[in-house]
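As structure tokens, the structure follows; a few thoughts come after it.
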Amino acid sequence: MREGGPADLPLKPNTRANIYRMGYTHIDESERRSIERAVEAKKSIQKIAKMLGRSVSSVSEEVSVNSVKGVYKADAAQKI
């Protein structure tokens, strides 16, 4: 790669370029616990995503897929 290319730029949190450079990572247990607390506190999906440095779609899917009767539980999500 030539000097001065994208790899030489400093990383900025929660930017598209940063996500592509770092690659995808699964939501881990500590993030799931943070999501659970934030959902219980009635935080928006957008605020939760920003807090975690995740895309809104990732957090939305996590909450949708792992909610039972409208309640998100980190323990149940982690077992899957």
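When Lys42 is tested against the conditions (1) of a type outside the set (A, V, I, L, M, F, W, C); (2) in a loop (DSSP other than H, G, I, E, B); (3) modelled with pLDDT under 95, the lone failure is (3).
Considering segment 53-70, and only residues there that are in contact (Cβ under 8 Å) with a residue 24 or more places away in the chain and among the aliphatic types (A, V, I, L, M), the residue that is surrounded by the fewest Cβ atoms within 10 Å (Cβ to Cβ) turns out to be Val63.
The values are calculated or read from the model by the stated rules, or taken from the named source; none is laboratory data. On a predicted model such as this, the values are computed, not experimentally measured, just so you know. Because the Cβ atoms are built from the backbone with ideal geometry, glycine has one as well, and the counts that use them run over all protein chains shown.
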